[in-house]
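First comes the structure, then the notes that go with it.
The values are calculated or read from the model by the stated rules, or taken from the named source; none is laboratory data. Worth saying up front: this structure is predicted, and the values here are computed from it rather than measured. Every residue, glycine as well, gets a Cβ built from its backbone with ideal geometry; the counts of neighbours run over all protein chains shown.
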Amino acid sequence: MSTDTVAGAQMKVTCRSEELAERLAVAGRGVSTRTSVHVLTGILLRAESGSLTLAATDMELSLRLSLDATVDGDGATVVPGRLLVDIARLLPPGEVTLEHRAEEGTLKLTCGPASYALNTFAVEDFPRLPELEGDESFSVERPAFLDTVAKVSRSASRDESRPVLTGILVRFEAGRLVMAATDSYRLSVKETELEGGPGRELEAIVPARALGELSRVAQAAASDTIEIGIRDNQVVFEVDGVVLTARRIDGQFPNYKQLVPEAFEAEVELPRDEFLDVVRRTALMAQRKSPLRLRFEEGQVTVSAQTQDVGEAQESLPVAYGGDTLEIGFNADFLRDGLESVSEDKARLKLISPLRPGLIQGEGDDFLYLIMPIRLAG
Amino acid sequence: MSPAVGSPIIAHLDLDAFFAAVEELERPELRTKPLVVGGDPHGRGVVATANYVARRYGIHSAMSCAEALRRCPEVVFVRPRHAEYSAVSRRVWDAVREVVPTVERTGLDEGYLDVGEVARDLREARGIAGAVQAAVRGATGLTCSLGVSTTKVVAKVASDRRKPGGIVLVPPGREAAFLAPFPVRTLPGVGPRAEERLRAYGVTTIGELAALPDDRLAAILTGSVGVLLRDRARGIDARRLERVVANVSVSQEETFPRDVADRVRLHDELRRMAERVSERLRRAGESARTVTTKLRYPDFATRSRSITLPVGTDDAEAIGDLACHLLDRALTERPGALRLVGVTVSNLESGVQLRLESG
């Protein structure tokens, strides 16, 4: 629990500059880049009981973490985030002392011969950040959780006009975790066997950006687990002492099961790496979002692209295709994203027609990537 | 048709009083009357084009229609018919391409021609320019003016010198001298702000801009734009024809007869414009990745807010949703009634990315 700061208290704390820089770099990712609410461009520093806590939030996500420090005075203040991160990064190795001078409205920072006085923001203006309460949280395996995020996150939308699509649907079921994301052009769904979990069905739409930040923070973590708490409005994650809070997105996630056609006309097995190389090479000529054309005919697929005033490319690859000749256009990035999300050596591509969705899967059925084509002109 | 050796030969073509001329083609009796194509003279309409009779009364583009009416009470007002103008414009450019195959359209009524491709020297270029005028007149009955020189900037300024129906040639080596006497504002790239700054430092003609030493130039116009404009003032312009013939954007906007604060009404307007924009994209088989909403406040402060999608859309509803969302965002930052709203789509691409649908 955070204690309210006693008025007049003066924060004074000493720690290692290397550690401060490293921890500030993490906290700094929560700093708001919009300047309309000034205090949110700051990082909260709170010194108490032998540690210095750093926190930042842009109201959509917040990050909080602590480091060991010698505390000579309890207290808290808020300083310009970007600036403090940059200063800490460039400090020489050694001890750094941070002292809040409330009467001057500054934070004095000294490290060897270097000293700074930074103007501070009023700590009362900084939002209260939620805590992770033990009774309502549960833990999940870190690698399984992060792998599931990585499999679906690319399909999340960046279009803020439909907020629900900027999130990833995270659902805990008995013994497994399901995540889904769609930007309405493609859909990724990954099911992962999971030990632990909440012990009951639970779901939330979590901003993809927040899960991206979590992945970044947790990638190199020492802990094998991530603690998760799901609240009415927020989801709280904790790994290695870093607490990340994300605002839950309101609304109804699309019923994605209805998006997946029940039957397909053609199915072809593709050597993932080889096909991906062909797609990557050819995609160089699919500039300005020109479509990548896939032409399937007896025994081979030909991938081609052309961009006006730039040029064109094509390359064929033998594949076991026996159906009618079919030509279909895809956004090159979307196709690549789907293939890259397959972790097995073989990728299966299922098609219906040039205007119906295609399905990419690995060898198993635990992952699917549904992709809508581009209607080719002429 | 051997390629020109040495300097390029570029022509700028400008149709004379285009919208008005199209109207006159259909109603020849208007030819002798002052004619304005534009908005409502009793509301906030502005003059899109005035014919040459109306210009004698001092009426010109961008003037308010109310002012045009004051200057000439007999003036005939006609509402613009953009679909018609597009169709005529297509015929014009098809005719131009018959004479000069490589053209860069920069608007419905103007563009650049790579005359060097079909003429060896300026003497031949004059013949080509005459042939272009004849082809345009033959195909549409419209007249146009051409400027011919070695660079885009000089050709553009030259095409405006002898309207209507003129041809102005500026030979190699004469570019700077030709430009020198004109007011700086005539130079493409010099907007009202740059003009104001230049004027404040006593620079009123293109020649004076061309003669500015580096340090003074840097004091007046910061960054690379100063050097760019001074180069242009000296007739130096490395731009060649851009052959991407496709549209770069599609837009719709509307100035209201009275300022509008009602959000529902504003959304309705934007959605209606989105329909029209979508219609034009569909006809061209294109989709757009960037949607921009433009707002103009009663004090003429003009703002625009854009969003770029990972894939293009031609869907009226999607464009309308985005446009309204952008409007709401802009109005949060600066609330108030609006004088104008508009929707532009850009970042156009061919083919249409389809959406997932249930079933």
#### Entry: Matching residues, region A:146-170, being at pLDDT 95 or above, closer than 22 Å to B:ALA318 by Cβ and charged (D, E, K, R)
A:ARG154
### Query
From A:LEU326, A:LEU359, which residue is more than 15 Å from A:VAL279 (Cα to Cα), in contact with a Phe, Trp or Tyr (Cβ under 6 Å, 6 or more places away or on another chain) and crowded, with 17+ Cβ neighbours inside 10 Å?
A:LEU326
### Task
Among what's in region B:278-291 and is among the aliphatic types (A, V, I, L, M) and more than 10 Å from every other protein chain (Cβ to nearest Cβ), pick the residue that is surrounded by the fewest Cβ atoms within 10 Å (Cβ to Cβ).
B:LEU281
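For (1) among the aliphatic types (A, V, I, L, M); (2) surrounded by 17 or more Cβ atoms within 10 Å (Cβ to Cβ), each residue gets a yes or a no:
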position	(1), (2)
A:ASP273	no, no
A:ASP277	no, no
A:GLN287	no, no
A:VAL301	yes, yes
A:ALA320	yes, no
### Task
Look at B:LEU212 and say whether it is assigned to a loop (DSSP other than H, G, I, E, B) and in contact with a helix residue (DSSP H, G or I) (Cβ under 7 Å, 6 or more places away or on another chain).
yes
### Query
Within region A:19-42, is there a residue that is buried (at least 23 other Cβ atoms within 10 Å of the Cβ), in a strand (DSSP E or B) and not assigned by TED's automatic domain parsing to the domain that holds A:GLY212?
yes
### Task
Look through region A:297-327, keep the residues that are among the β-branched types (Val, Ile, Thr) and either in the same structural domain as A:THR192 (by TED's automatic domain parsing) or in a strand (DSSP E or B) (or both), and return whichever of them is modelled with the lowest pLDDT.
A:THR307
### Query
Would you pick out the residues in region A:297-313 that are within 35 Å of the chain's Cα centre (by Cα), closer than 24 Å to A:GLU265 by Cβ and of a type outside the set (Gly, Ala, Ser)?
A:VAL301, A:THR302, A:VAL303
#### Entry: Unique residue being crowded, with 17+ Cβ neighbours inside 10 Å and under 21 Å from B:LEU35 (Cα atoms) when the list is B:LYS152, B:LYS163, B:LYS156
B:LYS163
### Query
Out of all the residues in region A:117-136, which are farther than 20 Å from A:GLU60 by Cβ, buried (at least 16 other Cβ atoms within 10 Å of the Cβ) and not aliphatic (A, V, I, L, M)?
A:THR120
### Message
So in region A:333-378, with the set limited to residues that are within 17 Å of B:THR313 (Cα to Cα) and aliphatic (A, V, I, L, M), which one is farthest from the other protein chains (Cβ to nearest Cβ)?
### Response
A:ILE371
### Query
A:ALA263 is checked against (1) assigned to a loop (DSSP other than H, G, I, E, B); (2) farther than 27 Å from A:ALA180 by Cα and fails just one. What number does that condition carry?
(2)
### Task
Spot the failing condition for A:PHE330; the list is (1) more than 14 Å from chain B (Cβ to nearest Cβ); (2) touching a residue at least 24 places away in the same chain (Cβ under 8 Å); (3) assigned to a strand (DSSP E or B); (4) not charged (D, E, K, R), and only one is missed.
(1)
## Note on the structure
Heads up, the strands (runs of 3 or more DSSP E) in region A:75-142 (entirely inside) with at least 2 residues that are modelled with pLDDT of 95 or more and not assigned by TED's automatic domain parsing to the domain that holds A:SER215 are A:75-80, A:95-101, A:106-111, A:114-119
### Task
Would you check which residues across region A:234-260 are assigned to a loop (DSSP other than H, G, I, E, B) and more than 22 Å from A:SER215 (Cβ to Cβ) and list them?
A:ASP250, A:GLY251, A:GLN252, A:PRO254, A:ASN255, A:VAL260
#### Entry: Selection count where residues are farther than 22 Å from A:LYS289 by Cα and either without any contact (Cβ under 8 Å) to a residue 12 or more places away in the chain or away from chain A (no Cβ under 12 Å) (or both), scope region B:292-332
15
### Task
Kindly list, by first and then second residue, each pair from a residue in region B:187-211 that is modelled with pLDDT of 90 or more to a residue that is polar (S, T, N, Q), limited to pairs with Cβ atoms under 8 Å and residues at least 6 apart or on different chains.
B:LEU198/B:THR204; B:ILE206/B:THR186
